[in-house]
1. At a 1.4 Å probe radius, carbon and sulfur cover how many percent of the accessible area of the chain?
2. Take the Cα coordinates of the chain, assign each an equal point scatterer, and use the Debye formula without solvent to give log10 I(q)/I(0) at q = 0.15 Å⁻¹.
3. For the full complex of protein chains and a 1.4 angstrom probe, list Ile129, Ile73, Ile79 by accessible area with the highest value first.
4. How much accessible area per residue does the chain have, in Å², with a 1.4 Å probe?
5. Leaving ligands, DNA and RNA out of it, work out the accessible area of Val7 with a 1.4 Å probe and give it in Å² to the nearest 10.
6. Please compute the Kirkwood hydrodynamic radius of segment 90-176 from all pairs of different C-alpha atoms, in Å with one decimal.
7. Along the charge dipole of the chain, which of Thr31, Ile132, Met105 sits closest to the positive end, that is, farthest toward it, with unit charges on the beta carbon of Lys, Arg, Asp and Glu (+1, +1, -1, -1)?
8. In segment 114-174, what GluC sites (Glu not before Pro) fall in a loop by DSSP, with at most 10 other Cβ atoms inside 10 Å?
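The values are calculated or read from the model by the stated rules, or taken from the named source; none is laboratory data. Please read all numbers here as calculations on a predicted model, not as lab measurements. Note that we place each Cβ from the backbone using ideal geometry, even for glycine, and neighbour counts take in every protein chain shown. Side chains included, ligands, DNA and RNA excluded: accessible areas come from the protein's heavy atoms. Shrake-Rupley method; radii C 1.70, N 1.55, O 1.52, S 1.80 Å.
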Amino acid sequence: MTDNADVRLFEMAKQQDSVMHNLSGELGVKTSLYLVFAAFILSASIQILNFAKDLKAPSAQCAILFCSLGAAIALLAGIALLAAALVRTYKVFPAQEMADWLEKMKDYTSKYPNEAISDPANGVLKTVIQTIDANQIENEKKAKWIQIGAWCLFASLPFFAIGGALAVYSYFSRPF
């Protein structure tokens, strides 16, 4: 491989590593926003449940049922989002270890100049690629849990909305 091609490969790998770390940050922000939304839905559902429990209309019982389902699904969403928010171990390029390894390679080649050794740039490049692959796997795990949480949140919204509407209807249709 020519030096120019090596430089391009290292630049591409470095850029890809940066993308993986930026993606991790974006997934963290997305997780936080969804968690806030899940907490809101859960809290609002509980408030509607407390409001509707004293109403005697049949639609109040339906409101309690729908809000309970919405709260349960929002709770599942929160659990999935907390799984996404677990601290993940992101790999960082082991610069010091690689520098020590390269120094050992130089020492070895100076002691044994006739020995054929592999190109040190290939070893460094393989390490960078392994770091990127490990980080991509972590990002995919986190994204999977975020997606599960988001789908649960979106599934809880109709239950919450219907339950809230029924609670309001029950309040205004109650006998005075």
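1. The nonpolar share, carbon plus sulfur, comes to 65 percent.
2. -0.87
3. Ile79, Ile129, Ile73
4. On the way: 11280 Å² over 176 residues.
With the other protein chains kept in place, the chain gives 64 Å² per residue.
5. Rounded to the nearest 10, that gives 80 Å².
6. Across segment 90-176, the inverse of the average 1/r is 18.6 Å.
7. Thr31
8. On the way: sites: Glu115, Glu138, Glu140; in loops: Glu115.
Filter output for segment 114-174: Glu115.
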